[in-house]
Amino acid sequence: MNEFINNDYLNDLKKIKETIRTNQNKAMVIVNSAMIMTYYEIGVIINKRKTWGNKYIQKLSEDLKEYGGGYSYDNLNYMSKLAGNFTREELFDQPGRLIPWRTIIVIMQKSKSHNEMIWYINETYKNGWSRSTVLKQFEAKAYERNLIEPETTPSIKSDDLTKELFKDSYAFSFLDRNNTKTEELTKNSFIDNVISFIKELGPGFTLVDKEYKIVTSSNEVFKIDLLMYHIKLHIYIVIEIKNGKFKPADLGQLLFYVGAIDDKERTVGDNETVGLILCKEADSYTVKTTLSKVYAKIGVSKYKILEDLPSYLEKRLKGK
């Protein structure tokens, strides 16, 4: 190891220790942000010595033991990757500095591209995902699904806020081939796992009622599968679950439900009710043509079993 025990190494060690001490003082105010800043700056120093090899990092880990286990050989390697994967602006002008270090490690380990890392950093912050939730989102291929534009009516395509309500597809770990054999089984699965269902929909969704009843003046009774409300956007969302393939006739039913909720539930301060048809399959041409002349805010999405995602995404992403 003597080949790199020289003035350059000692200067590096001094800079790293000064960085740790400086940001330890800041940590009393903003713990995570100061720690990520420390790790990034150490990573920058390490990356300037790439040609020195792994022995350099091993020596650093030994000389930084006084500062605790956070400066282990493995952690120093991750600091190097942090500085290599992100610019300073990407990390500190964005939510990255506010995300726990172990979660950032997972994102760096699992992401296949820089854009994917940035997307997961932003979504983790926005949705308040824990590390275990981030792992589940990778399993459900959330980033890849996000690359596919959802099928919606023209009124939604021009409305940035309402775009938050729709995805091309939703992946639910509680679904399998047995509990999606019939429409009733599928609906019951969503209802029985409503918390997981809401988490997959995204932040801001709340359940108003399942099988919400609409009673007409002639005492005719209709039931909405799921009635949701978005507390940030102030919008009711009518969700109809279809076990098979999307059919144009499904739209008429949903439009009636959306109109009824606007009439019976919407109050001052609520935006126009939107509708979502959640089906197993949907032909893109059929959906686009059906929705093209509709002025209500309607979307059509697919629900997917995790094991079906790879083949579905391969087909859809190739067709982009």
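List of remarks:
- Of the residues making up region 112-133, just one is of a type in the set (A, V, I, L, M, F, W, C) and in a loop (DSSP other than H, G, I, E, B), namely TRP129.
- Identity of the residue in region 49-107, over 27 Å from the mean Cα position of the chain (by Cα) and of a type in the set (Lys, Arg), that ends up modelled with the lowest pLDDT: LYS50
- Selection over region 99-111 of residues that are assigned to a helix (DSSP H, G or I) and among the hydroxyl-bearing types (Ser, Thr, Tyr) gives a count of 1.
- Just one residue in the set GLU164, GLU151, GLU139 is at pLDDT 90 or above, assigned by TED's automatic domain parsing to the domain that holds ASP283 and of a type in the set (D, E, K, R); that residue is GLU151.
- Contact map, region 296-315: residues that are closer than 13 Å to PRO150 by Cα paired with residues that are among the aromatic types (Phe, Trp, Tyr) and outside any strand (DSSP E or B), Cβ distance under 6 Å, separation 6+ or inter-chain. Pairs shown: GLY299/PHE166; VAL300/PHE246.
- Test: residue in region 284-301 that is surrounded by fewer than 20 Cβ atoms within 10 Å (Cβ to Cβ) and touching a Lys or Arg at 6+ places or on another chain (Cβ under 6 Å): no
- As for region 191-212, it holds no residue that is buried (at least 17 other Cβ atoms within 10 Å of the Cβ), touching a residue at least 60 places away in the same chain (Cβ under 8 Å) and touching a Gly at 6+ places or on another chain (Cβ under 8 Å).
- Cross-chain or 6+ apart pairs with Cβ under 9 Å, region 217-229 first and assigned to a loop (DSSP other than H, G, I, E, B), then surrounded by 13 or more Cβ atoms within 10 Å (Cβ to Cβ): GLU220/ILE214
- Residue in region 188-195 that is of a type in the set (Phe, Trp, Tyr), in a strand (DSSP E or B), assigned by TED's automatic domain parsing to the domain that holds THR289 and at negative phi present: no
The values are calculated or read from the model by the stated rules, or taken from the named source; none is laboratory data. Source: prediction; values computed, not measured. Virtual Cβ from ideal backbone geometry, glycine too; neighbours counted across all protein chains shown.
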